[in-house]
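The values are calculated or read from the model by the stated rules, or taken from the named source; none is laboratory data. All values reported here derive from a predicted model rather than from experimental measurement. Reconstructed Cβ throughout: ideal geometry from the backbone, glycine too, with neighbour counts over all protein chains shown.
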C-alpha cells in the first residue's frame, strides 16, 4: 500500500519537484497546499499518512498548521521542510508535534530516502537535542524591542512599565541567554531564532 502524502509549500515549482520525486518512488501525493490554512483543510479532508510542511508560509506558518492538523488528523506524521536551522524554531516545530525536519538544501533523492526512513521508524528521535532558554511573554516583548533598537526608556514607555523594571527584565534575559550586554543579547537571540515567530 502506498503512503498518502500532503505537500504544503508556497513555491509551486518546489512542490512540483518533490511531488515528481515522491511519485517516482511509488508514493501517492494526494494533495498540495500553498499556505498553512489550506494545508489544514486538505489534511482534514484527505487524512494523509504524511504531511510535508514548509515552516514559513503565507496566512499561517507551518508550525501553527502542524498543531492544527494533528487535532483533526492525529495519525498523520508531519515533517518540516525548511531553510531554518535555528534551535528555537526547530524546538517549536517539535513541540507542535512534528516528527522530524529536513533542510530545503537536501538533494531530492536524499530527501525521499529520509522520508522513507522516517515512515519506517516514526518513533525514532529524529530531532537533534535542542537546548533553548525559555523566556516569559514579557521577557520576549522586552527582547523584541531591544533587538529593534529601542532604549530602556523607550521600551518602558512602549510597555507602560518603569525603566527600573526594564532593567530587571534585561538582567533576567542576559542571565538566560548567558550574555552580558544588549548587543550580545540581540546577536544570541538571532542565532537561536528566539523571535522569529514571536
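Given the criterion in contact with a strand residue (DSSP E or B) (Cβ under 9 Å, 6 or more places away or on another chain) and in the same structural domain as residue 48 (by TED's automatic domain parsing), identify the matching residue among 98, 88, 109.
Exactly one of 98, 88, 109 is in contact with a strand residue (DSSP E or B) (Cβ under 9 Å, 6 or more places away or on another chain) and in the same structural domain as residue 48 (by TED's automatic domain parsing), namely 98.
Tell me which helices (runs of 4 or more DSSP H) are completely within the range 128-198 and hold 1 or more residues being surrounded by fewer than 16 Cβ atoms within 10 Å (Cβ to Cβ) and more than 26 Å from the chain's Cα centre (by Cα), or say none if there are none.
The qualifying helices (runs of 4 or more DSSP H) are 152-159, 163-177.
As an exercise: evaluate residue 56 against (1) modelled with pLDDT of 90 or more; (2) more than 15 Å from the chain's Cα centre (by Cα) and give the number of the one condition it does not meet.
Exception for residue 56: condition (2).
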